[in-house]
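A.B. asks: I'd like to ask some things about the structure below.
Any read-out appearing in this document is the output of simple, stated calculations on the displayed coordinates, not a laboratory observation. Computed from a predicted model, the values in this text were never measured in an experiment. Virtual Cβ from ideal backbone geometry, glycine too; neighbours counted across all protein chains shown.
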Amino acid sequence: MPRIAVLADIHGNILALDAVLDDLVRRGGADLVVNLGDCVSGPLWPRETMERLQALDWPTVRGNHDRRVAFDPLEEMAPSDRFAHDRLEPSQREWLASIPVQAKPAPGILAFHARPDHDERYLTEVITEGRLARAPLATIVKRLGELDPAHSILLCGHSHRVELLRLPDGRVIFNPGSVGCPAYHDPDEPAHVSEQGSPHARYGMIEVGSGASADRFEAIAVSYDHQAAARRAGESGRPEWAYALSTGFMPH
């Protein structure tokens, strides 16, 4: 039964990434690791994180912040994206630009960052009273559009919320949560927050079955030196990031 590790939304947090890698080793490793994007944007360690990811050479899909770091005009870049942009080599930004929007890392599996056709729109969430909540099932199915029915497992990130959802036709959507950014505030209307509720580094593990064997999904939360990451964010002039990394919540 192949074991597939699923990571998303690292956001330049190499301390959290290394903790996940150590945990993977402790669990006996994986046959495949899939990276669902948003690799480096944030006031932490973008270059160091990029170097690690390039060395690992995992199947990776492009997140909205990967796109923004690679393509947005400098004068329009949000602070987290600009922080990463300014610390990456041109070749590293080119690597971000080259990442595909979708990947098929294994038979029956389709990976994308947010939706199959868009890297910045939520798939399984709606915004309710300034917070993310699960969208109605019919809405989620409509957002997926027409996909190859052979893709029985759909992997996504973007919302930083752990989600495991079985659709009426038997397909499963799995979001492992965020490795490196446990909470965020999105000021775009309608403004909202996403909060994992703890500072742990999150990732997922799938064991893919065949025949009568059922696929197994595990959402994993790993402790790491989140206070060191919070100090780094504070030193970079981002107190809201420091609070999120310390607590898993946004300041109110």
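A.B. asks: Which of His11, His118, His200 comes first, and how do the rest follow, when ranked by fewest Cβ neighbours within 10 Å?
C.D. replies: His118, His200, His11
A.B. asks: Place +1 on the Cβ of every Lys and Arg and -1 on the Cβ of every Asp and Glu in the chain, take the dipole about the Cα centre, and give the residue among Gly209, Ala183, Leu44 whose Cα lies farthest towards its positive end.
C.D. replies: Gly209
A.B. asks: In percent, how large is the relative contact order of the chain, given Cα pairs closer than 8 Å and 6 or more residues apart? Each step should come with its number before you reach the end.
C.D. replies: Details: 584 pairs, mean separation 54.1, N = 252.
In percent, rounded to a whole number, it is 21.
A.B. asks: I need the peptides 105-112, 153-160 ranked by packing, meaning the mean over residues of other C-beta atoms within 10 angstrom, with the highest value on top.
C.D. replies: Order by mean packing, descending: 153-160, 105-112.
A.B. asks: Here's something else I'd like to know. Just from its helices, what would the mean residue ellipticity at 222 nm be for the chain, if runs of 4 or more DSSP H residues each count -39500 (n - 2.57) and the sum is divided by every residue, rounded to the nearest 500 deg cm²/dmol?
C.D. replies: -9000 deg cm²/dmol
A.B. asks: Compute the angle between helix 14-26 and the longest alpha-carbon principal axis of the chain, please, reported from 0 to 90 degrees and rounded to the nearest 10.
C.D. replies: Tilt relative to the chain: about 40 degrees.
A.B. asks: Roughly how big is region 3-247's charge dipole about its Cα centre, with Cβ charges of +1 (Lys, Arg) and -1 (Asp, Glu), in debye to the nearest 20?
C.D. replies: On the way: 26 positive and 36 negative charges, 107 e Å.
The calculated dipole for region 3-247 is roughly 520 debye.
A.B. asks: Still on this structure, please answer the following. If I build a Gaussian network model for the chain, linking alpha-carbon pairs within less than 10 angstrom, which residue out of Ala133, Ala233, Ala114 has the largest mean-square fluctuation?
C.D. replies: Top of the fluctuation ranking is Ala133.
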